[in-house]
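Student: Starting off with a structure, shown below.
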Amino acid sequence: MNGLFGFILLVIGVLGVASPYSAWYLSIGWKIKDAEPSDAALAMHRTVGVIASLAGFILIVSSCASMFTGGSDAKWEKKFQQRLETGVVSEISFGMIDKISLTVEERNEVVELIKEARLEPFDTGSIYGASGSGSISFEDGYQVELVLFGNSHGIELHPNETENAFRIESNGLESWIRTHVLNRE
């Protein structure tokens with residue numbers, strides 16, 4: 001989507017730089033009969049054209065770069081798995097009003113289940129609903145939201161840094177959550 005928006009900005013910008021009179025006419029001139037743009041108006045359209053061209057070019061390049069590097073989703077997934085591997089999870093909790101924090105043994109069991117699972121990115125869409133929610137907190141203060149049986153019908157991670165959420169592909173984790181968390185609430 002950024003690439004398309006960048007392309008549109010680039011086209012508008014090139015029009016403003018190459019033909020500021022046409023840019024002026026398309027924005028204002030068509031509304032006014034027998035009018036001519038001032039030198040300042042033409043200079044402004046040329047300046048805006050340069051800025052729009054640069055912004056469009058940057059958006060296109062960043063869009064292409066994320067395609068080749070796997071995007072922020074792949075980077076986030078790798079960093080999250082590294083955090084789990086280093087054992088820096090300080091708390092896993094569920095619920096909002098009557099918050100349930102897992103014991104150290106339960107937390108270690110859940111972390112192992114997540115480490116063994118595959119994280120599948122998905123678009124959350126605009127419809128939200130879940131059987132419950134929680135969070136995973138790390139020692140450095142980082143926190144990621146857990147959604148229980150939401151749009152993906154599984155256990156989901158909802159990081160703030162990515163466009164997508166991640167479904168934790170683990171039948172063992174889903175069974176553990178149903179038994180130890182949802183039956184407790």
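The values are calculated or read from the model by the stated rules, or taken from the named source; none is laboratory data. Quantities reported herein were computed from a predicted structural model and do not represent experimental measurements. Please note: Cβ atoms are built from the backbone with ideal geometry, for glycine as well, and neighbour counts cover all protein chains shown. Quick note on the areas: whole protein, heavy atoms, side chains included, nothing else; ligands and nucleic acids left out. Shrake-Rupley method; radii C 1.70, N 1.55, O 1.52, S 1.80 Å.
Student: What residue, among those in the range 5-39 that are surrounded by fewer than 16 Cβ atoms within 10 Å (Cβ to Cβ) and aromatic (Phe, Trp, Tyr), is farthest from residue 58 (Cα to Cα)?
Tutor: 30
Table: residues versus (1) within 30 Å of residue 119 (Cβ to Cβ); (2) part of a helix (DSSP H, G or I).
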site: 14; (1), (2): no, yes
site: 17; (1), (2): no, yes
site: 47; (1), (2): no, yes
site: 63; (1), (2): yes, yes
site: 76; (1), (2): yes, yes
site: 80; (1), (2): yes, yes
site: 98; (1), (2): yes, no
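Student: Filter the range 80-117 down to residues that are open to solvent by 100 Å² or more (accessible area, probe 1.4 Å) and closer than 19 Å to residue 161 by Cα, then give me how many there are. Quick ask: steps written out before the conclusion?
Tutor: So in the range 80-117, the residues open to solvent by 100 Å² or more (accessible area, probe 1.4 Å) come out as 82, 85, 96-99, 105, 116.
Within this subset, residues satisfying the condition of being closer than 19 Å to residue 161 by Cα are 82.
Matching residues across the range 80-117 total 1.
Conditions tested, residue by residue: (1) in contact with a strand residue (DSSP E or B) (Cβ under 7 Å, 6 or more places away or on another chain); (2) closer than 25 Å to residue 74 by Cβ; (3) free of Cβ contacts under 8 Å to residues at least 40 places away in the same chain.
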{"position": "101", "(1), (2), (3)": "yes, no, yes"}
{"position": "105", "(1), (2), (3)": "no, no, yes"}
{"position": "112", "(1), (2), (3)": "no, yes, yes"}
{"position": "135", "(1), (2), (3)": "yes, yes, no"}
{"position": "162", "(1), (2), (3)": "no, yes, no"}
{"position": "175", "(1), (2), (3)": "no, no, yes"}
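Student: Go through the range 163-179 and give me each residue that's buried (at least 21 other Cβ atoms within 10 Å of the Cβ) and charged (D, E, K, R).
Tutor: Answer for the range 163-179, where residues must be buried (at least 21 other Cβ atoms within 10 Å of the Cβ) and charged (D, E, K, R): just 167.
Student: So residue 120 ticks every box in (1) crowded, with 16+ Cβ neighbours inside 10 Å; (2) assigned to a strand (DSSP E or B); (3) not aromatic (Phe, Trp, Tyr) but one. Which box is left unticked?
Tutor: (1)
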